[in-house]
Amino acid sequence: MKKKLVFISNMAAPYQVKFCYSLQKYFDAEFWFYVKREQDRPKWWEIPLGDKCRILKFSGSIPYVGYYSFGVFAELLRFNPDIILLGGFMNWHWLILKWAKIFNKKVVIMSEPLRNVKSERDDSNLLLNRDTSPQLINKLRKRFFNADLYLGMGKVAAKQFVQEIGFDEKKVSSTMYPQDIEAYFDHPLRTGKKEQDYTLLFANRLVDRYQPLFALEVFMLLKVKYPHLKLLMNNDGPLKSACLKYIEDENIKDVKFLKEIDSWNNMHLIYKNADILILPATYSNGNGTIIEAAASGMGFVVSQNINHMQKYAKNGENCYICDLSTQSFVDAISNYIEAPELLMSHGKLSRKLIEDRKNEYTSKEYFEILERYGLNC
């Protein structure tokens, strides 16, 4: 008989909703969320939840408390899960952990690396550590010390859990977030264009640490040599007005913001109609847009400040990984434009490297991790 598993997290992100149904092969799984959609996410992020996913009752988010649900404990009694996966070291998850131990449930805490930041707009890559944040580190360790497994989203997080927070190394592992990339593999590989009218894609939200203004500067420099070049940009984020002002001040042509996406299931078509992804991030824990671009068979040019790319991004083989200078990005993108056969060869290799990020493989990996740590017995 399959074990009952529940995953509890902040928002009904579409890739998590879809992953829930992939997990049904291995678990009787339900996914519960505190809110359907964060205010900073577009309306088209909302997808049907089906019968295995739900928004918790009497839930939301408030200052100092964070996410909460007064209905979660009734749901736990109803579903009676064997395994509880908690997305993040939230205050409310501490209460769920205490409940779970009373009822002898297995608990997994899942988290990205914990950064020393105050908001999403903070582009710092400084991780929480015992020297700079001893009180917070101690509180996390004391509150969550009796979880059964700490699952870092990548090895950087797993290392932090052991070396900084002090969790038992025998109870720490790592994996990656699921991705919804199956449709991307149907895209055609990119080929040369006579008028060099290639389309660049800045797919990430318009926030400081992804540097959309840097991307616009790179595009402006490229347009001098390649006048038919186009740029597609994400439409959401606090730097939208700054981007519009930069475009107007510098009189940059052929920039389009992605306002017309009507559903999550059609988002992949944006990648299908683009050729080269650009991401000059100052920090990212392993960006989903890179995975999507690789599955789509695009070229991609990204910064060296992105975690967990080693397996999927081979500099000069299927992408270009650059330092944060505009010239390095201009040169790398020019390589694709001047030698378009690279788009074909890079795209083919990317798809081979990224194959195991499909949900059918990710769900099997999660099952094997929980089995390896004795949580699925």
Within the stretch 97-106, restricting attention to residues that are surrounded by fewer than 21 Cβ atoms within 10 Å (Cβ to Cβ) and hydrophobic (A, V, I, L, M, F, W, C), which residue is nearest to Tyr64 (Cα to Cα)?
-> Trp99
Select from the stretch 294-341 the residues that are among the aliphatic types (A, V, I, L, M), surrounded by fewer than 18 Cβ atoms within 10 Å (Cβ to Cβ) and in contact with a Phe, Trp or Tyr (Cβ under 8 Å, 6 or more places away or on another chain) and list them in ascending order.
-> Leu324
Being over 22 Å from the mean Cα position of the chain (by Cα), modelled with pLDDT under 95 and of a type outside the set (Lys, Arg) narrows Leu375, Leu343 down to just Leu375
Could you grab me the full set of residues in the stretch 89-101 that are under 17 Å from Gln16 (Cβ atoms) and part of a loop (DSSP other than H, G, I, E, B)?
-> Met90
Assess whether Glu169 counts as being under 17 Å from Glu112 (Cα atoms), touching a strand residue (DSSP E or B) at 6+ places or on another chain (Cβ under 9 Å) and not aliphatic (A, V, I, L, M).
-> no
Conditions (1) over 30 Å from Arg115 (Cβ atoms); (2) in contact with a His (Cβ under 6 Å, 6 or more places away or on another chain): number failed by Ile102 | (2)
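This table checks each residue for (1) among the hydrophobic types (A, V, I, L, M, F, W, C); (2) in contact with a strand residue (DSSP E or B) (Cβ under 7 Å, 6 or more places away or on another chain); (3) touching a residue at least 40 places away in the same chain (Cβ under 8 Å).
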{"residue": "Met220", "(1), (2), (3)": "yes, no, no"}
{"residue": "Pro238", "(1), (2), (3)": "no, no, yes"}
{"residue": "Ala242", "(1), (2), (3)": "yes, no, no"}
{"residue": "Ile247", "(1), (2), (3)": "yes, yes, no"}
{"residue": "Trp264", "(1), (2), (3)": "yes, no, yes"}
{"residue": "Met298", "(1), (2), (3)": "yes, yes, yes"}
{"residue": "Ile306", "(1), (2), (3)": "yes, yes, no"}
Scope the stretch 289-339; condition closer than 24 Å to Val156 by Cβ, touching a Gly at 6+ places or on another chain (Cβ under 7 Å) and part of a loop (DSSP other than H, G, I, E, B); matching residues = Asn307, His308, Met309
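Results for (1) out of contact with any Asp or Glu (no Cβ under 9 Å at 6 or more places or on another chain); (2) loosely packed, with under 13 Cβ neighbours inside 10 Å, shown as yes or no for each residue.
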residue	(1), (2)
Leu127	no, no
Thr132	yes, yes
Ile137	no, no
Leu151	yes, no
Val156	no, no
In the stretch 158-183, which residue that is of a type in the set (Ser, Thr, Tyr) and surrounded by fewer than 19 Cβ atoms within 10 Å (Cβ to Cβ) is nearest to Asp356 (Cα to Cα)?
-> Thr175
Any idea which of Leu77, Leu23, Leu86 is under 20 Å from Leu149 (Cα atoms) and in a helix (DSSP H, G or I)?
-> Leu23
By residue number, the members of the stretch 20-31 that are surrounded by fewer than 22 Cβ atoms within 10 Å (Cβ to Cβ) and of a type in the set (Phe, Trp, Tyr) are Tyr21, Tyr26
Within the stretch 345-354, can one find any residue that is more than 24 Å from Asn273 (Cβ to Cβ), buried (at least 17 other Cβ atoms within 10 Å of the Cβ) and touching a strand residue (DSSP E or B) at 6+ places or on another chain (Cβ under 8 Å)?
-> no
Name the residue, out of Lys230, Lys225, Lys272, Lys240, that is exposed (fewer than 13 other Cβ atoms within 10 Å of the Cβ) and either under 20 Å from Pro14 (Cβ atoms) or of a type outside the set (Gly, Ala, Ser) (or both).
-> Lys225
Only one of these is part of a helix (DSSP H, G or I), over 23 Å from Lys98 (Cα atoms) and not polar (S, T, N, Q): Val162, Val156. Name it.
-> Val156
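The values are calculated or read from the model by the stated rules, or taken from the named source; none is laboratory data. None of the values given here were measured: they were computed from a predicted structure. We place every Cβ from the backbone using ideal geometry, glycine too, and count neighbours over all the protein chains shown.
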